[in-house]
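Here's the structure, in structure tokens; my notes come after.
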Amino acid sequence: MLRSLVGSEMCIRDRVSTQSTGVHVPSCPCPLVRERADMIPLCIITDPGQDLDDEMALIMLATLRRAGLADPRCVVANLHPSQDRAQLARGTMDVLGMEGVPVGCGSDGGDLSSGELALPGYAAAEGEPPPPGEDLLVQTLEGCATGSVTLLLISSLKDAAHLLREHEGLFLDKVGQVVVMGGAHPVTQGCPLKPDSAHNNQFDTPSAEFLYEQLQRLKVPMVIVSRKVSYACPVGTAVLEQLAEAGSVVGSHLKDRQASSIQQLWQRACGPPQSFVRKGLPDRCDKKWFCDTFCAGEWGEVDRMGPEDLIWDLVTHFQMYDTWALLACIPCLRELLFEGQAHQVDGVEHLVLENIPQHRVEMARNLLQVGYLATSELDERNLERFLELCQSNCADFP
């Protein structure tokens, strides 16, 4: 298990009640099952439409909100075409019962290789365009209590780096911790953490290097969630079938999109190192990586496939990278689910989460699957099951 930073008192600096700030708590047509004053305020930067796991993380976000664990304050969509991604995020949040949570349009993320998105009907453009992501983040932080906000980064780090560079005082006053879906090079105690080759770090490498360096210099606690966490507990492809069968509008869209999405990733993985066809995918993510990550390591069959061959029939599971990063924002769930290393830099502890212990994998997978089915769209019994799983496994579940 993890050491001192995982305790709730250490995770958010001087956490205070979110109800005491006078800030509007977003309304939801489905009432919260557990209305709590200590819900974790979240500002999220994501890139929905890049792959499935960003939207799956938003599905889990709806469950955490209804469970009284997370209080989403704003969502910013970055990575080209960011306007389309913001539109997709807005539609997804609306379907999931989070109409009151504002969505902003972020930067290109440092990568212009992605083309247009095929948006589902629920993401049709209506009303005013989303506000600029920087403006929304500043406005949101200004309305939050000191040290209360967890900034969750599950896409390019360009926008977060810009926010810190241009609004350092506000950032330091309001942000209690930064949770990054990424990775760090191994270091010895006391030496600064540096970003590794994780995809989110490589969209804009200078921004990633700046953000890691400055957060440590300014003593803002980081929680870095390694891709190894997801590898320890992959989720079967049946989860999307279950969502669609249960009546989830978002789940049905993702189910319809999954084959084409994974085919595009396969083609990128087959591309030569540093080629344009890879669209920023790290060179380590080759055919062998794809086989181990999505096809249960059945290399013989995968090795015979080319970039134009349909890979879907060999896919056995998905990696829900961003959902794990979201769950790492909640102190009791972080303590329950993850193993990692705590690194002291200038007297501040930063965590690198690297694994889900073997004896917890089955429980973690069940928690994920039930959590996806517990959104406001679906059966209330799933939320009860989610809470029961949390309460029966977390000694300090709030």
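The values are calculated or read from the model by the stated rules, or taken from the named source; none is laboratory data. In this text the structure is predicted, and so the values were computed from the model without any measurement. Reconstructed Cβ throughout: ideal geometry from the backbone, glycine too, with neighbour counts over all protein chains shown. Quick note on the areas: whole protein, heavy atoms, side chains included, nothing else; ligands and nucleic acids left out. Shrake-Rupley method; radii C 1.70, N 1.55, O 1.52, S 1.80 Å.
Summary table below
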| read-out | value |
| --- | --- |
| Carbon plus sulfur fraction of accessible area for the stretch 270-398, probe 1.4 Å, in percent | 47 percent |
| Residue-count net charge about residue 291 - beta-carbon cut-off 10 Å; Lys, Arg +1, Asp, Glu -1 | -3 |
| Helical mean residue ellipticity (222 nm; -39500 (n - 2.57) per DSSP H run of 4+; nearest 500) of the chain | -12000 deg cm²/dmol |
| Amide H partners (placed H, <5 Å) of residue 147, local residues excluded | 174, 175 |
| Surface accessible to a 1.4 Å probe, residue 162 within the full protein complex, Å² | 70 Å² |
| Length-normalised contact order for the stretch 33-154 - Cα pairs under 8 Å, 6+ apart - percent | 32 percent |
| Inter-label distance for residue 394 and residue 218, nm, one decimal - labels placed 7 Å from Cα along Cα-to-Cβ | 2.8 nm |
| Per-pair calculated FRET efficiency, R0 = 22 Å: residue 37 and residue 99 via Cβ, rounded to 0.05 | 0.45 |
| For Rg/Rh (Cα atoms, Kirkwood Rh), calculated from these coordinates, the label among [x] 1.18; [y] 0.93; [z] 0.99 | [y] |
| Chain lengthening between residue 299 and residue 135 when straightened (0.36 nm per residue, less Cα-Cα) | 54.3 nm |
| Within straight-line cross-link reach of residue 174, lysines at Cα separation under 25 Å, skipping those fewer than 8 residues along the same chain | 158, 194, 219 |
| Added length on full extension, which subtracts the Cα-Cα distance from 0.36 nm per residue, residue 313 to residue 292 | 6.1 nm |
| Whole-number accessible area per residue in Å² for the chain, which is evaluated in the context of all protein chains at 1.4 Å | 39 Å² |
